[in-house]
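Mind having a look at this structure? Questions to follow.
The values are calculated or read from the model by the stated rules, or taken from the named source; none is laboratory data. Please read these numbers as outputs of a predicted model, since none were measured by experiment. Every residue, glycine as well, gets a Cβ built from its backbone with ideal geometry; the counts of neighbours run over all protein chains shown.
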Amino acid sequence: MKTEMTTVTYAGKFQGFTALDGYKLKYFRLLTDKGEYIIKIPKEERLHYYKTLQVGDEIVTTVTECFDCKKGITKRKAIEIDKQIPVNPESREKKTIKVLVCQECKGSAQVIGELEKQLGDTVTIKPTGCMKRCKTPPNVTLLPLKESFAKVQDITPILNRIKEHL
């Protein structure tokens, strides 16, 4: 016999996925200040959470709880799982941009020098091998924006695009 279901919200650190009843990872472990809980993930949302949650993530989850008298355990099933945004702004991850510059291109050394002078350590500037656009040197690509610049003589458009993203 099962007792009445209640809805509870827990906040804590995600400890990883686990399988209680076989080989399928249907559950996750959550460490809170009151202890560790094992919570079932709704079937339709498992793939999403397998891809997005990482051990150590701070999460808040709303669960339904039901005490199973036969087995003597409390069963918990997640209704909603949200990653917590850190309160401290310095602990937030900065948006990182990588500036890839083809070092094989004529004029790339000047472009790299100007970018380093203007941007300092706000982005990662990485000289790369050939980008296979040899007819339009020097070539620059911004990641994760996936934007490319060819025949770079003036770095102003690149700087403007980086500032928009940061």
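Looking at region 35-47, is at least one residue surrounded by 13 or more Cβ atoms within 10 Å (Cβ to Cβ), outside the structural domain of K151 (by TED's automatic domain parsing), at pLDDT 85 or above and in a loop (DSSP other than H, G, I, E, B)?
Yes, the conditions are met somewhere in region 35-47.
Could you check, for region 5-23, whether at least one of its residues is of a type in the set (K, R) and surrounded by fewer than 12 Cβ atoms within 10 Å (Cβ to Cβ)?
First, the residues of region 5-23 that are of a type in the set (K, R): 13.
Within this subset, residues satisfying the condition of being surrounded by fewer than 12 Cβ atoms within 10 Å (Cβ to Cβ) are none.
No.
Of all the residues that make up region 23-60, how many are under 18 Å from the mean Cα position of the chain (by Cα) and of a type in the set (V, I, T)?
First, pick out the residues of region 23-60 that are under 18 Å from the mean Cα position of the chain (by Cα): 45-60.
Still in the list and also of a type in the set (V, I, T): 52, 55, 59-60.
Total meeting the criteria: 4.
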